[in-house]
Amino acid sequence: MNYPVPQTTPPKHAEETFPARWLFWPLLAVTLVYAVFLVWATHHPRPGDLLGPSPPPDKLLHFIAYGLLGFLVAATVATTGRWSRRGIVLLAVGLALAGIVDEATQPLFGRGAEVLDWGYDVIGICTGIAVVAIGRWRLQRASRPFQ
């Protein structure tokens, strides 16, 4: 007697299952709110008001602030399915240019601008993007069938 063989679908690869497109709009909203907050915070004339009596080192703040921005923007881009090496480089360059503009406009608000601050911004941006890239790569590896 022939029994029907159940149809099984092969496991989807990460390229098909990731990005989770439903994450795009919430991530975009969080990214935009964070970017506006970051611009406001970096142009606030009295940063001590925001940071309290014993703030962390300035360069660490730059690294963390722009690392989070790099992560959020990269994660948002990753959910669109438009992730490529060229796109990653353009993303890093674009965010680094935004960091230059941010740093260059701070003196207009009574703040100091430093090239080294921008350097830590760029290191943070690249770190944030790298975290997303590594996460995507690991998801892709995990979703591939054993070979």
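When you count the other C-beta atoms within 10 angstrom of each residue and take the mean per peptide, 96-103, 62-69 line up highest first as 62-69, 96-103. Between helix 85-105 and the chain there is an angle of about 20 degrees, using the helix long axis and the longest principal axis of the Cα atoms.
Per residue, the accessible area of the chain comes to 68 Å², computed with a 1.4 Å probe over protein heavy atoms only.
With all protein chains in place and a 1.4 Å probe, the accessible surface of the chain carries 70 percent carbon and sulfur.
Looking at the square roots a ≥ b ≥ c of the eigenvalues of the Cα gyration tensor of the range 12-147, which shape do they give, rounded for a/c under 1.5, prolate if a/b is larger than b/c, or oblate? Prolate shape, in that a/c is at least 1.5 and a/b is the bigger ratio. Highest mobility in the GNM of the chain, judged by mean-square fluctuation with C-alpha springs under 10 Å and restricted to 81, 52, 112, is found for 52.
From helices alone, the chain scores -22500 deg cm²/dmol at 222 nm; the rule is -39500 (n - 2.57) for each run of n ≥ 4 DSSP H residues, then divide by the residue total.
Considering only 64, 28, 119, the residue lying farthest towards the positive end of the dipole of the chain is 28, judged by Cα position with unit charges set on Cβ. Here residue 40 and residue 141 are evaluated by their C-beta separation; at R0 = 35 Å the FRET efficiency comes out at 0.35.
The values are calculated or read from the model by the stated rules, or taken from the named source; none is laboratory data. Only a predicted model underlies this, so the values are computations on that prediction, with no experimental measurement involved. Counting neighbours? That spans all protein chains shown, and the Cβs are built from the backbone with ideal geometry, glycine included. Each accessible area value is taken on the protein alone, full model and side chains, heavy atoms only, with ligands, DNA and RNA left out. Shrake-Rupley method; radii C 1.70, N 1.55, O 1.52, S 1.80 Å.
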